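The values are calculated or read from the model by the stated rules, or taken from the named source; none is laboratory data. Here the structure is a predicted model, which means the values were calculated and not measured. Heads up: the accessible areas ignore ligands, DNA and RNA and are worked out on the full protein's heavy atoms, side chains in. Shrake-Rupley method; radii C 1.70, N 1.55, O 1.52, S 1.80 Å.
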Amino acid sequence: FSETLFHAVGVGETESIRAWFQTNMASITEFTGSLSTISYQNRSDRITIRYVFDKLVNAGVKDGQRVDLVDIDALQKGIRSSYDIEHLLCQSDADSDEAQEYIHQIGNLIVIPKQINGIMSNASFELKMAMLKEPWKYDNNIKHVPTYLQEFVSEYGDASWDQAAIKKRTADLA
């Protein structure tokens with residue numbers, strides 16, 4: 001297919017390529033449904049989670065301002081990232097089978113600097129948001145909160161973080 005696209009010269013060929021994309025592109029419902037199946041529990045999904053957040057955080061960012069949430073070359077060489085995948089609703093709060101289903105979904109995850117993840121540890125969602133919103137009020141040594149985390153706190157920090165909020169965020173990510 002890529003060769004056809006590369007060699008397309010006429011309007012007819014371009015139209016056939018456009019038609020192919022229109023018939024093979026997932027609907028937003030299909031895409032959101034597929035995105036919600038990405039789970040932290042599945043080790044092979046973890047690179048996908050990092051990739052998705054890397055693309056979202058860096059959309060529209062100018063060269064030199066990029067935040068490297070995932071470095072595939074480094075990961076393939078066994079070099080650990082300086083970012084962790086954090087569960088917003090803590091894993092230890094998943095006290096039922098139902099909670100286990102949604103606590104590992106992408107809507108409950110965020111990729112954050114290891115230093116911040118270590119400080120927030122198993123804190124409640126509310127305390128995590130407070131520490132990110134006003135780190136100077138806490139004896140936590142968070143020196144800098146990246147812009148994308150500030151934006152997350154601004155959008156979701158005052159929300160009740162439960163299954164409905166996680167589903168909504170999954171849809172928002174799609």
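In the chain, what percent of the accessible surface is made up of carbon and sulfur (1.4 Å probe, ligands and nucleic acids excluded)?
51
Taking only DSSP H segments of four or more residues, each worth -39500 (n - 2.57), what value at 222 nm results for the chain once the sum is divided by all its residues, to the nearest 500 deg cm²/dmol?
Computed ellipticity for the chain at 222 nm equals -15000 deg cm²/dmol.
Per Stokes-Einstein, at 4 °C and 1.567 mPa s, what whole-number D in µm² s⁻¹ belongs to the chain, with the Kirkwood radius over Cα pairs as the hydrodynamic radius? All intermediate terms of the calculation are to be shown ahead of the outcome.
Values: Rh = 18.3 Å.
Diffusion coefficient, whole number: 71 µm²/s.
Could you report the chain's accessible area per residue, 1.4 Å probe, as an integer in Å²?
Numbers: 10920 Å² over 174 residues.
About 63 Å² of surface per residue is accessible.
For TYR83, enumerate residues with amide H under 5 Å from its amide H, sequence gap 5+ or separate chain, H modeled in the peptide plane.
Close amide H contacts, sequence-distant or interchain: LYS114.
Give the cross-link partners of LYS143 among the lysines, using a straight C-alpha distance below 23 Å as the criterion and excluding same-chain residues fewer than 8 apart.
Candidates past the 8-residue exclusion: LYS114, LYS128, LYS133.
So what are the ³J(HN,Hα) numbers for segment 119-124, from phi and the Karplus equation (6.51, -1.76, 1.60; θ = phi - 60°), rounded to whole Hz, Gly and Pro as x?
6, 6, 6, 9, 5, 5
Take the chain, connect every pair of alpha-carbon atoms lying under 10 Å apart with a spring to form a Gaussian network, then pick out the residue of THR23, THR32, THR147 with the largest mean-square fluctuation.
THR23
Going from most exposed to least, what order do GLU155, GLU15, GLU86, GLU134 have by accessible area with a 1.4 Å probe?
Working: GLU155 120, GLU15 85, GLU86 15, GLU134 60 Å².
Heavy-atom accessible area, descending, gives GLU155, GLU15, GLU134, GLU86.
Write down Rg/Rh for segment 34-121, rounded to two decimals, with Rg from the C-alpha atoms and Rh from the Kirkwood relation over Cα pairs.
Answer for segment 34-121: 0.99.
Pull up the cross-link candidates among the aspartates and glutamates for LYS137, meaning alpha carbon to alpha carbon under 16 Å and not fewer than 8 places away within one chain.
GLU126
Under a 5 Å amide H to amide H cut-off, with H placed in plane at 1.01 Å, what residues pair with LEU109 once short-range neighbours are removed?
Distant-sequence amide H within range of LEU109: LEU88.
If you rank ARG169, ARG50 by how much accessible surface each has, with a 1.4 Å probe, what is the order from largest down?
Per-residue accessible area, sorted high to low, gives ARG50, ARG169.
Could you order TYR40, TYR51 by accessible surface area, starting with the largest, using a probe radius of 1.4 Å?
Heavy-atom accessible area, descending, gives TYR51, TYR40.
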